[in-house]
Amino acid sequence: MSVIIPAMNEAGKISAVIAEARAVHPETEVIVVANGCKDQTAAVAERMGAKVLSFPEPLGHDVGRSVGAQAAKGRILLFTDSDMVIPSGELRPFVQAVQSGVDVALNDYTGPIDRQPVHRVILAKYTLNSMLGRSDLRGASMTAVPHALSRRALETIGASELSIPPKAQAAAVNRGLRVEAVYRVEVGRLNPGRIAGGDPLEMLVLGDHLEALEAVMAERGVRGGYHDGGRRRSVVR
């Protein structure tokens, strides 16, 4: 299996992240996509035995995962981030799900839905899954880590599509892949990336979901595959 870890200026954490990733499975390659780093992230990762792909400019998590997936050799691909140390015991269920036949194993973390107003990113995730006819997934999303893919899923979706996770998720559902929310990891508690006063990635993630919805409508029609009821639009002038 392959574990893909985008990393930017995480020299202090990357050793622990790699150690937990490597402990998931006895046959694991760890790929660190070091991008825009001004510290020793790449050097530390190399000392830990990871395969390091280095880029001088920041790529972002999603593009980093896409680049790492292109280089991965494993039959199972597990995606996590370098800014949170997730214990191997909480990563292993995603690998086990793919081993049992799941193509896209999602984190069953949906974020806080009991607060008012509900965060717009959470609403976007629920909306996309509902549009896909997968309301059972609730807010589970490829936007969140950890998640895992089968080799079949990677080849069906395409590594480049992983740079827009909601669009990749829509493609997975539309192409009949088995997509499941398999295990809950509380990344909201682990992720220190929130900034007081707002989420700096909110508009990016909302835009990704709009692009995914556009793709669904392009494939299923303007109503996303839902019927128009008794409306007779032809009589409207």
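The values are calculated or read from the model by the stated rules, or taken from the named source; none is laboratory data. Predicted model only: the values in this text are computed from it and were never measured. For neighbour counting, all protein chains shown are included, and Cβ atoms are generated from backbone atoms with ideal geometry for every residue, glycine included. Heads up: the accessible areas ignore ligands, DNA and RNA and are worked out on the full protein's heavy atoms, side chains in. Shrake-Rupley method; radii C 1.70, N 1.55, O 1.52, S 1.80 Å.
Remarks
- Test: residue in the range 8-16 that is open to solvent by 50 Å² or more (accessible area, probe 1.4 Å), under 21 Å from V95 (Cβ atoms) and not basic (K, R): no
- Count - residues of the range 53-67 that are surrounded by 19 or more Cβ atoms within 10 Å (Cβ to Cβ) and at pLDDT 95 or above: 7
- Considering the conditions (1) over 16 Å from the mean Cα position of the chain (by Cα); (2) open to solvent by less than 20 Å² (accessible area, probe 1.4 Å), A71 is excluded by exactly one of them, (2).
- Among the residues of the range 152-179, those identified as touching a helix residue (DSSP H, G or I) at 6+ places or on another chain (Cβ under 9 Å) and either of a type in the set (S, T, N, Q) or under 11 Å from A69 (Cα atoms) (or both) are L154, T156, G158, A159, S160, E161, L162, S163, Q169, N174.
- Hits in the range 129-141 (condition: buried (at least 18 other Cβ atoms within 10 Å of the Cβ), in a helix (DSSP H, G or I) and small (G, A, S)): none
- Restricting the range 166-195 to residues that are touching a Gly at 6+ places or on another chain (Cβ under 9 Å) and basic (K, R) leaves a set whose member that is modelled with the lowest pLDDT is R194.
- Members of the range 48-89 found to be in contact (Cβ under 8 Å) with a residue 12 or more places away in the chain and assigned to a helix (DSSP H, G or I), listed by number: H61, D62, V63, G64, R65, S66, V67, G68, A69, Q70, A71, S88
- Residue selected from the range 90-128 under the condition assigned to a helix (DSSP H, G or I) and of a type in the set (F, W, Y), by the criterion surrounded by the most Cβ atoms within 10 Å (Cβ to Cβ): F94
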